[in-house]
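First comes the structure, then the notes that go with it.
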Amino acid sequence: MGDAEYLAAFRAVVLPIAREFSPEVVLVSAGFDAVEGHPSPLGGYNVSAKCFGYLTKQLMGLAGGRVILALEGGHDLTAICDASESCVSALLGNELEPISESVLEQRPNSNAVNSLEKVIQIHSEYWPCLHHVASTVSYSLVEAQKCENEEAETVTAMASLSVGVRPERRLFKSGHRNISHQEVMQLRLLLSVFTSHSLPFRNL
C-alpha cells in the first residue's frame with residue numbers, strides 16, 4: 001500500500017464523510033508507521049512524506065482550517081521527521097513539494113479497491129455522500145478529478161439553461177450581424193401591424 005491507495009481512500013471515504021459531518025475542529029492522531037523508511041513487518045506500507053503533507057492540506061479545507069495534529073509515533077526517526085515536516089508545512093500554508101505525476105495517474109491496487117468498496121457498501125447506509133463516489137473508487141486521482149470537473153461543467157451548463165437571461169443581452173444571428181432580442185420583438189410588432197391591416201401579409 002502506497003500513495004495511490006491512500007489518496008483513493010482519502011478521496012472516496014475520508015473526505016466525503018468529513019465534509020458531510022462538517023466538524024468544527026479536526027483532531028488527527030498523527031502516526032507515521034506507514035511512511036516509507038519503516039521495515040516491512042510493520043505492515044508493508046510505503047507512503048511518501050509528500051503524500052502525508054498533501055492529505056494534511058486536504059484536511060485544511062475542513063472546519064475553517066482548524067486542524068490539530070498530535071504526533072503519535074513511528075519507529076524510524078528520519079521517516080518521522082520527514083513526514084512531520086511535510087505535515088507542518090501544510091499546516092503553515094507553505095507550498096508543498098508536489099507528488100509526482102506518475103503517482104497521481106496511478107490507480108489503487110485491487111486489494112485496496114475491494115476493501116474500499118466494502119467500506120462504502122456498509123457506510124453508505126449512514127453516509128449518503130458515499131453513493132456519489134462509489135463508481136470512481138478504482139480511479140487514479142487524476143481520473144477522479146477529471147470526472148468531477150466534467151460533472152461540474154455539466155451541472156453549470158444545465159443551470160445556465162434554467163436561469164432566465166436578460167432579453168437585451170440575448171442575441172440572434174441574422175445575415176452578417178447579431179440582432180438583439182429587443183430588435184426581434186420590434187420586428188415582430190411591426191409584422192403584426194402589417195398582417196392585421198394589410199391583406200397581402202396575412203399569409204406570411
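For the stretch 56-67, residues that are in contact with a strand residue (DSSP E or B) (Cβ under 9 Å, 6 or more places away or on another chain), outside any strand (DSSP E or B) and touching a residue at least 40 places away in the same chain (Cβ under 8 Å) total 4. Do we find a residue being on the phi > 0 side of the Ramachandran plot, of a type in the set (S, T, N, Q) and not in a helix (DSSP H, G or I) anywhere in the stretch 9-22? There is at least one residue in the stretch 9-22 that is on the phi > 0 side of the Ramachandran plot, of a type in the set (S, T, N, Q) and not in a helix (DSSP H, G or I).
Of the candidates Gly37, Gly44, Gly65, the single residue that is touching a helix residue (DSSP H, G or I) at 6+ places or on another chain (Cβ under 6 Å), on the phi > 0 side of the Ramachandran plot and of a type outside the set (Lys, Arg) is Gly37. Please tell me if Val13 is of a type in the set (Val, Ile, Thr), closer than 22 Å to Glu101 by Cα and surrounded by 19 or more Cβ atoms within 10 Å (Cβ to Cβ). No, not satisfied.
Checked against the criterion of being touching a Cys at 6+ places or on another chain (Cβ under 7 Å) and buried (at least 18 other Cβ atoms within 10 Å of the Cβ), the stretch 73-83 has no qualifying residue.
The single condition among (1) surrounded by fewer than 16 Cβ atoms within 10 Å (Cβ to Cβ); (2) at pLDDT below 95; (3) within 26 Å of Ala144 (Cα to Cα) that Met1 does not meet is (1). Scanning the stretch 79-95 for residues that are in a loop (DSSP other than H, G, I, E, B) and among the polar types (S, T, N, Q) turns up just one, Asn94.
All of (1) outside any helix (DSSP H, G or I); (2) among the acidic types (Asp, Glu); (3) within 21 Å of Ala4 (Cα to Cα) hold for Glu72 with one exception: (3). Entry remark, the stretch 96-125: residues being assigned to a loop (DSSP other than H, G, I, E, B), hydroxyl-bearing (Ser, Thr, Tyr) and farther than 20 Å from Ala18 by Cβ number 1 in total.
The values are calculated or read from the model by the stated rules, or taken from the named source; none is laboratory data. All values derive from a computational prediction rather than experimental measurement. Here the Cβ is made from the backbone with ideal geometry for all residues, glycine too, and neighbour counts use every protein chain on show.
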